[in-house]
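Since the structure comes first, as structure tokens, the remarks are kept for the end.
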């Protein structure tokens, strides 16, 4: 038996959420569902009447009356239901977009720690990946279908119930008498109910099995097509395929994956086969029972031919809706699982929005920044990423942080930016713990170009200014500073150009260097007191790199700057160089003093590069 | 749209699909055929059951006979339903197998094509079209769709027969009404198709925004630049635009829907009215009345299905045409005779003469007038600013591109005269944008199946490339599979480890030419330096072509080729170029000044 329950509160919350995002969706859905069901029954009812009239008194007046009433009702209800359907279709198409936008707004407010948390990321991924199987849209569809099938079930049952009515016709003998007896009616009644329940139960179990399998099927399919859809579709891999003659191994892998997929597909097909067969057989048997009884009762004279026809149509309606109802219930039960994911994400608690009094941090109000015995462990990690870090940065200083890959440079920046809180020790700004500042004020004090910076599918101007109403001259000035001016002038739409061709025919595809320059321009536009550059020039050639560094020092004037770079040449003129190794500060000082110590890391880092220039 | 239909007719496409399918699974066609026939009979049978019941009741047969009749109906229904399900199951399995074959054929074809073709816009478009053609309702359903059309035509003709038997005039009226319905749906399609591209763009924009906004890497930028408001506003703007667009469309659907509903209600009413007329003229029994009613109204269903199937058929026809167009692209080495290239383990000379190259669709030359001789065993650095043509030159050297002007000679023979697959054997390459295969690390290194892989050699190369420590730390060693997305138990490697894996792969191949395309961009100075020393050591007997824009990393090279805007402007040893005091020297000084 399926243990999952229909959780009403979860359904109600989901429906409220949908109503908030798309107010017209649910009312129109209900309108559609209710109004589209009714004509089915009026049609059945009136065609029975017409048949009776045909074989009975055959009065034209009545025949036409029935026909006209039937047609008018049908037109009326269809019109209204189609009207609702229009809104339903539109809302179905955009429901995923609204949900995404809603989830993104939640993600904007999350602590960065949560954003990087694998669990949270997986949760979000699951919500998006599973949208076709479950979520808000499925909730709306299934709830309304539940209403629909329940409504249909009630109507068809109510109309059918008179089948069990007994009218004694004395002249009957044998089978006919039996068909007309109360015992038969009782047996038929019990049989109908039992078989309907059995049908519903079987349908539920089958549908549940089927949908579980179909999910497995679709994930295997995605994986099976990885090589075709992604690896081979990627232009760049074509070089490797040819140079390393990967043809054979790729075909082997694809074959293996596709075989796996067909195996599961075959299982799915046979499952479908057995489930469908059971439902069909039960359906047919119950139908035939009703056929026999109804025919016999008609022969005995209990029913007219029209009524007989009505019952025959109704019984198949009734059974269909038993299956539909089971289907809706199973889908709603399964959907709870997906809704749970959604709610879990929406209910994530953040530290930053907890109440408390925070100090305001006026812009341009920076004097010192201190790390005092700071140690840090990433959540769920055992080793310290940073240990016992202490240093000070004063206003106007240029500071470089150097070290090998994985020495903790970027982690240090993340702590500094309050993306993470230190595990031990404190960080102070103007001699006040940074935790005491208003979070957004604090973030405002920094302009950062991260190593893995992202640009957004907006126009160049919007990307640089982070706003849709920006100061054009200021944006252009920033572009000039990073050497983008010629590039921007060359574009027909200038700053209004989108940075992708995918969704805008007039957009452009940026090269790595151009994108990096835009990211730097964005940081300049922000004009904060502290500028942080985390390996910002890795994809630039030496010429642009040196231009940017030279300009940068000029542009930021008396601002504080923190650089992380593998190119030690860019650290040379810094006031202070912090050398990190395995999470510890091993050296601190200016270039000349650090270079004196030949046994230490800075010397070897420097030398690794400088040797080539001093040949 | 019309252009591509021209080249492949329905019949030739049908033959193509049947031939490909039959090769793998004979008799599939008959299976489809029966499946479609039974699939059509089942619903037809069931809609006439009530008529049949009316008939036997009307005739006042004895109750026993009625019971026997009903049981007979039950038996036939069961038989038909089961037959339908069995055939359906069988043909679904076959379709899934067919899909597999087509997928494999497609992948094979893709890999056998010329790189230049597949990277260029023409090949790319054909490739994408063909890939989409392999989706549901595409190529595999072609036969099923064609048969559906045929069967539905039969049903249609049958209904026509019943009606015209009753009264040809009524038949004409119904046909007219149906034509009206078709016209409505045709007009609808014209309107809907109009804004298709615009809607697709809006759609992609929305997806792109929500993808970047939800991306965990972008979260930092969103916080620091307070982008949340702008992103919310932009995405809401586009969602609302999408809503407006679809509102327009569904208003059209609404109107056409209503129109077709009205038409079919009038057909129903007309049918009733007509039957009343017959009733009063000739007299009808209940079962006759019901039979005519059901037949005439099922005409509607036939027509609807026929239109739908025709639509699907048209779609899958285009799909098959797209796929065939892709399959008809010329593969490399198909048509010409080639010089045999003996696989020398020794490096050989390469000579580039007057080479120029232009990308399709671009009017600027990416390379012009390149002359360069690379001696066996020489180590050459190709340096230059971004966009100077470094990568293009290497692609030409590898014969991934064919030069449009000028020639490249290996041992004095134009490389076009060698079989490409043979020529590729001469090269090992480390490209910066490589990806890995979802298989074992060993197979990723050898590019062979695990059984064919020489494990001793794998151990050797991972030692040389410095990857062995990482591999030892893995539970399954080099049997560990890559790419976590595909398999939970797989591993993903860090950037540095990936570089080392690529180097191992190049070493395993052990070709006379080694190409390194900016392999150290993301490494720290010490690891970078270590890697250079390794290259220097490992490449002793090989010709090395090294692309970089870090001038410092050219130390181990014998000669430097300086590219600027597609031209070689300077070549020579480092010292020569410095003495020359040209562009290279300038650039070098620019970097060196900080290291003095």
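Data overview
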| quantity | calculated |
| --- | --- |
| Sites residue B:573 and residue A:234 - FRET efficiency at Förster radius 30 Å, r taken between beta-carbons, to 0.05 | 0.20 |
| Whether the stretch B:33-151 is rounded, prolate or oblate, judged on the alpha carbon gyration tensor where a/c under 1.5 counts as rounded | prolate |
| Label-point separation, residue B:475 to residue B:124 (7 Å along Cα→Cβ), nm | 4.2 nm |
| Column: log10 I(q)/I(0), Debye, Cα scatterers of the stretch A:380-471, q = 0.15, 0.20, 0.25 Å⁻¹ | -0.78, -1.18, -1.47 |
| Net length gained if the chain between residue B:540 and residue B:307 were fully extended (0.36 nm per residue, minus Cα distance) | 76.9 nm |
| Computed P(r) (all Cα pairs; the stretch B:438-498; 10 Å bins; percent) | 23, 60, 17 |
| Contact order normalised by residue count of chain A, Cα under 8 Å, 6+ apart, percent | 14 percent |
| Chain A: proportion of alpha-carbon pairs further apart than 45 angstrom, % | 45 percent |
| Fully extended contour minus Cα-Cα distance, from residue A:270 to residue A:480, at 0.36 nm per residue | 69.0 nm |
| Chain B: relative contact order in percent, alpha carbon pairs under 8 Å with at least 6 residues between | 15 percent |
| Average silhouette area of the protein assembly as shown, convex hull of alpha-carbon atoms, in square nanometres | 53.1 nm² |
| Extension gain, residue A:590 back to residue A:24 (0.36 nm per residue minus Cα-Cα distance, nm) | 197.2 nm |
| Paramagnetic label zone (point 7 Å from Cα along Cα-to-C-beta, residue A:222; backbone N under 13 Å) in the stretch A:93-124 | A:122-124 |
| Helix axis angle, B:525-538 relative to chain B longest principal axis, alpha carbon, degrees | 80 degrees |
| Between 0 and 90°, nearest 10: helix A:512-526 axis offset from chain A longest Cα axis | 80 degrees |
| Long-range Cα-Cα pairs in the stretch A:465-615 (distance over 20 Å), rounded percent | 57 percent |
| Cβ neighbours within 10 Å from other chains - mean over B:282-289 | 4 |
| P(r) weight above 25 Å for the stretch B:468-596, C-alpha pairs, percent | 40 percent |
| Principal axis dimensions, largest first and in whole angstrom, of the stretch A:1-105 by Cα | 69, 38, 16 |
| Largest-first principal axis extents of the Cα set of the stretch A:279-352 (Å) | 80, 22, 11 |
| For B:60-70, mean number of other protein chain Cβ atoms within 10 Å | 5 |
| Hydrodynamic radius of the stretch B:2-327 per Kirkwood, over alpha carbon pairs, in Å | 24.5 Å |
| Cα-projected label distance for residue A:575 with residue B:136, points at 7 Å along beta-carbon direction, nm | 6.4 nm |
| Pairwise FRET efficiency - residue B:191 versus residue B:45, Cβ, R0 = 41 Å, nearest 0.05 | 0.55 |
| Largest to smallest principal axis extent of the C-alpha atoms in the stretch A:507-567, angstrom | 34, 27, 17 |
| Chain B, helix-only ellipticity at 222 nm - DSSP H runs n ≥ 4, -39,500 (n - 2.57), divided by all residues, nearest 500 | -21000 deg cm²/dmol |
| At 1.002 mPa s and 20 °C, Stokes D of the stretch A:8-346 from Kirkwood alpha-carbon radius, µm² per second | 88 µm²/s |
| Inter-chain Cβ neighbour average for residues A:287-295, partner chain, 10 Å | 6 |
| 0 to 90° range, to nearest 10: angle between helix B:455-465 axis and chain B longest Cα axis | 60 degrees |
| Mean separation of Cα contacts under 8 Å, 6 or more apart, over the residue count of the stretch A:139-253: relative contact order % | 13 percent |
| Sites residue B:422 and residue B:375, calculated FRET efficiency, Cβ-Cβ separation with R0 25 Å, nearest 0.05 | 0.70 |
| Diffusion coefficient, µm² s⁻¹, Stokes-Einstein with Kirkwood Rh over alpha-carbon pairs of chain B at 10 °C and 1.306 mPa s | 51 µm²/s |
| Computed [θ] at 222 nm, deg cm²/dmol, chain A (DSSP H ≥ 4; -39,500 (n - 2.57); rounded to nearest 500) | -20500 deg cm²/dmol |
| Distance (nanometres) between label positions extended 7 Å along Cα→Cβ at residue A:344 and residue B:281 | 7.1 nm |
| Between the stretch B:240-281 and the stretch A:273-351, the Cα center-to-center distance that results, in Å | 28 Å |
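Just so you know, all these numbers are worked out from the coordinates, no wet-lab data involved. Just so it is clear, the structure is predicted and the values come from calculations on it, not from any experiment. Cβ coordinates were reconstructed from backbone atoms using ideal geometry, including for glycine residues, and neighbour counts include every protein chain displayed.
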